[in-house]
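J.: Here it is: the structure, laid out below.
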Amino acid sequence: MLKTIVLIGMMGSGKTSVGKELAKNLNLNFIDSDQEIEKKCKISIPSIFEKKGEDYFRKIEEKICFKLIDGKPKILSLGGGAFINFKIRKEIKKNGVSFWISTNLENIYDRLLQSKNKRPMLDYNNLKKSIKDIYDSRKEIYKKADYTIRTKSDNKKNIVKKIIENL
Ligand code: S3P
């Protein structure tokens, strides 16, 4: 396999757990862009948003994603907003293959409820609406991924199987 496999989609759609399982199956390294950003900045994503703001976060995200997409083939899970950046999308088209993990919003809601305050883009007082608004504003762009993997369940093994079938 020559290209990095890039998993994109909403927060809470399971990109990280699917990515880890996929990496195990294909014997490749797994990297999560948010973890790399936290390593570089030495603070958590919510703290970056709080102290420096979203624009700063998006700049770091762009830089890190470029580096990760260009390196050796691997499984790369991107933060939910990264694919919205045109330059990142273009880089993925050139050097990667993208999969949109399209999970239903109820599942996303259940997962995000459990990870309260880890996602600064969300309004936890109005979580359902917040998820729906972000999804509606992004779905046309997520659709630009090379492949869409639709899933209603949490079964990461099934999702991994579907991804591998498309490779
Ligand atoms: C974001 C998603 C998060 C993280 C940041 C912004 C977004 O990543 O990058 O909080 O804009 O959708 P996950 O998709 O891994 O939660």
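The values are calculated or read from the model by the stated rules, or taken from the named source; none is laboratory data. The shown structure was predicted, so the numbers you read here are calculated from the model rather than taken from an experiment. Methodologically, a virtual Cβ is constructed for each residue, glycine included, from the backbone with ideal geometry; neighbour enumeration extends over all protein chains shown. With ligands, DNA and RNA removed, areas are computed over all heavy atoms of the protein, side chains included. Shrake-Rupley method; radii C 1.70, N 1.55, O 1.52, S 1.80 Å.
J.: When only residues in segment 121-133 that are open to solvent by 20 Å² or more (accessible area, probe 1.4 Å) and part of a helix (DSSP H, G or I) count, which is nearest to residue 52 (Cα to Cα)?
T.: 124
J.: Residue 53 fails exactly one of the following numbered conditions: (1) open to solvent by 70 Å² or more (accessible area, probe 1.4 Å); (2) on the phi > 0 side of the Ramachandran plot. What is the number of that condition?
T.: Condition (1) is where residue 53 drops out.
J.: Are any residues in segment 1-40 within 12 Å of the ligand (Cβ to nearest atom), surrounded by fewer than 19 Cβ atoms within 10 Å (Cβ to Cβ) and not charged (D, E, K, R), and if so, which ones?
T.: Once the filter is applied, which keeps residues that are within 12 Å of the ligand (Cβ to nearest atom), surrounded by fewer than 19 Cβ atoms within 10 Å (Cβ to Cβ) and not charged (D, E, K, R), segment 1-40 yields 16, 17, 35.
J.: Continuing with this model, one more query. So which residues in segment 1-21 are more than 28 Å from residue 136 (Cβ to Cβ) and not in a loop (DSSP other than H, G, I, E, B)?
T.: 4, 20, 21
J.: So, one more: Looking only at segment 89-104, which residues are open to solvent by 20 Å² or more (accessible area, probe 1.4 Å) and either within 14 Å of the ligand (Cβ to nearest atom) or under 14 Å from the mean Cα position of the chain (by Cα) (or both)?
T.: Within segment 89-104, 89, 97 qualify.
J.: I would also like to ask the following. Only residues that are loosely packed, with under 13 Cβ neighbours inside 10 Å and assigned to a loop (DSSP other than H, G, I, E, B): list them for segment 141-152, please.
T.: At the first step, the residues of segment 141-152 found to be loosely packed, with under 13 Cβ neighbours inside 10 Å are 143, 150, 152.
143, 152 - these are the residues of segment 141-152 that are loosely packed, with under 13 Cβ neighbours inside 10 Å and assigned to a loop (DSSP other than H, G, I, E, B).
J.: Against the definition (on the phi < 0 side of the Ramachandran plot, within 14 Å of the chain's Cα centre (by Cα), crowded, with 16+ Cβ neighbours inside 10 Å and within 13 Å of the ligand (Cβ to nearest atom)), how does residue 138 come out, yes or no?
T.: yes
J.: With the requirement that a residue be surrounded by 18 or more Cβ atoms within 10 Å (Cβ to Cβ), within 14 Å of the chain's Cα centre (by Cα) and within 9 Å of the ligand (Cβ to nearest atom), what does segment 56-80 give you?
T.: Hits for segment 56-80 are 61, 77, 78, 79, 80.
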